[in-house]
Amino acid sequence: MSESTTTLDTESLTRQVQTLYREVAEHPDRDYHFPVGRPVAERLGYPAELLDAIPPEALASFAGVGYALDLADLAAGTTVLDLGSGSGTDSFAAAQLVGTTGHVTGIDMTAEQLAKADRLRDGAEHITFVPGRLEELPLPDESVDVVISNGVVNLCPDKARVFAEVARVLVPGGRMAIADIIATTALPQAVTCNADLWAACIGGAAAEADYHRAIEQAGLSITAQRDVPEYQFLTDQAQNASSDYGVRAITIAAELR
């Protein structure tokens, strides 16, 4: 573990996250500090028939923390944006639910994840994968009906900016349904300023009250929240953070006011 500082090196964080998820895309069979693959999705509650419709290679690199698609209430013709789409599991699942009259755009900052997802798209015209950052979404205002995400917002230092961007791209009355990692109480500076622990999905876990505040201040109203006890942390560091600070996985839904 790198030495902690009093400020977070965001450039180092970006490099570490990209390196880590490049490995997940290219070598999903390796051991990581988080669970990966179809068995994880099954444990989190993804319906088997939905998983059967997703390319197995995408599922192999699945690294989500919860099942929030039921909260998204996706229907035929819906336009969806997937934040941090990775190798495409949630994007492909959403595409099944919205059909060819809908459209799903996945955005990710790791080139290898994007390349894998785009290859597995196999020419499907109602799915698009584009490079970008969650803090500066490459989409116009009021362009999507629903925003989804799975285990990614916690990796963003400026969560208020992320939720402001979500609100910007949603149509009036649009919805957000995401799975993420939060903490019951604020994490100490030694954790929040350590890029290694951020990349491990620990250091970026915002205090629940701060997380809610960022969503509400963006113009979204929280409509539902559930803990995800089925998601289990693997490392001693993560398990200790879970025990000491209430770091845990949740699914949460909100509507644009």
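The values are calculated or read from the model by the stated rules, or taken from the named source; none is laboratory data. Remember, predicted model here, so these are calculated numbers, not experimental data. Backbone-built Cβ (ideal geometry, glycine too); neighbour counts: all protein chains shown.
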Test for Gln225: is it surrounded by fewer than 17 Cβ atoms within 10 Å (Cβ to Cβ), within 16 Å of the chain's Cα centre (by Cα) and not in a loop (DSSP other than H, G, I, E, B): yes
Single condition Val98 does not satisfy, out of (1) buried (at least 20 other Cβ atoms within 10 Å of the Cβ); (2) β-branched (Val, Ile, Thr); (3) within 26 Å of Ala199 (Cα to Cα): (3)
Among the residues that make up segment 217-239, is at least one of them acidic (Asp, Glu), free of Cβ contacts under 8 Å to residues at least 12 places away in the same chain and farther than 20 Å from Leu134 by Cβ? yes
In segment 94-142, which residue that is part of a loop (DSSP other than H, G, I, E, B), touching a strand residue (DSSP E or B) at 6+ places or on another chain (Cβ under 7 Å) and touching a residue at least 40 places away in the same chain (Cβ under 8 Å) is nearest to Thr79 (Cα to Cα)? Leu139
Which condition does Glu165 not pass, out of (1) assigned to a strand (DSSP E or B); (2) surrounded by 15 or more Cβ atoms within 10 Å (Cβ to Cβ), if it passes all the others? (1)
Restricting attention to segment 191-222, and to residues there that are in a loop (DSSP other than H, G, I, E, B) and small (Gly, Ala, Ser), which single residue is modelled with the lowest pLDDT? Ala200
Hey, Val130 surrounded by fewer than 20 Cβ atoms within 10 Å (Cβ to Cβ) and under 24 Å from Arg15 (Cβ atoms) or not: yes
Hey, Leu170 hits all of (1) within 27 Å of Pro35 (Cβ to Cβ); (2) aliphatic (A, V, I, L, M); (3) crowded, with 22+ Cβ neighbours inside 10 Å but one; which does it fall short on? (1)
Picking from Ala241, Ala160, Ala254, the residue that is small (Gly, Ala, Ser), touching a strand residue (DSSP E or B) at 6+ places or on another chain (Cβ under 9 Å) and at pLDDT 95 or above would be Ala254
Total residues in segment 9-55, condition of a type in the set (A, V, I, L, M), surrounded by fewer than 18 Cβ atoms within 10 Å (Cβ to Cβ) and not in a helix (DSSP H, G or I): 1
